[in-house]
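Following: one structure in structure tokens, then a few remarks.
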Amino acid sequence: MQYTVEPLTQIDFGATGVKEVLQNVAFILSTPVYSCPMDRAFGWIPDLDSPINVAAATNEARMIQAIQVNEPRAIVEQVIIKGKPLDGNVKAIVRVEIDESI
């Protein structure tokens, strides 16, 4: 089954199972590297200075890598970039499958 993950808006500290994995993916996407005090490598490094097409491809690859490293139960199927990059209004939506065998 495929799930859609959007940017994190609220944390459920009691989340378990699929809900926990989806929340973890949303948290990874919401966290730039170096911003987590006890784990500076957690998160992903957004590309902010490249041309729009290059930044979109780079950011997709970096998001996928961060999810693979930090939440191996989530298998990324698709990354969708929505918004208007020229207006600075962009958000990533990620579609994942959950590997419950891990």
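No value in this document is a laboratory result; all are computed from the given coordinates. This structure is a prediction, so every number in the text was calculated from the model and none was measured. Methodologically, a virtual Cβ is constructed for each residue, glycine included, from the backbone with ideal geometry; neighbour enumeration extends over all protein chains shown.
Kindly indicate whether any position in the stretch 68-88 is in a helix (DSSP H, G or I), more than 22 Å from Ser50 (Cα to Cα) and among the polar types (S, T, N, Q).
Among the residues of the stretch 68-88, at least one is in a helix (DSSP H, G or I), more than 22 Å from Ser50 (Cα to Cα) and among the polar types (S, T, N, Q), which makes the answer yes.
Across the stretch 51-79, which residue is surrounded by the most Cβ atoms within 10 Å (Cβ to Cβ) among those that are over 18 Å from Thr31 (Cα atoms) and either aromatic (Phe, Trp, Tyr) or free of Cβ contacts under 8 Å to residues at least 24 places away in the same chain (or both)?
Filtering first and then ranking leaves Ala57.
Which is of a type in the set (A, V, I, L, M) and either loosely packed, with under 15 Cβ neighbours inside 10 Å or not in a helix (DSSP H, G or I) (or both), of Ala41, Ala26?
Ala41
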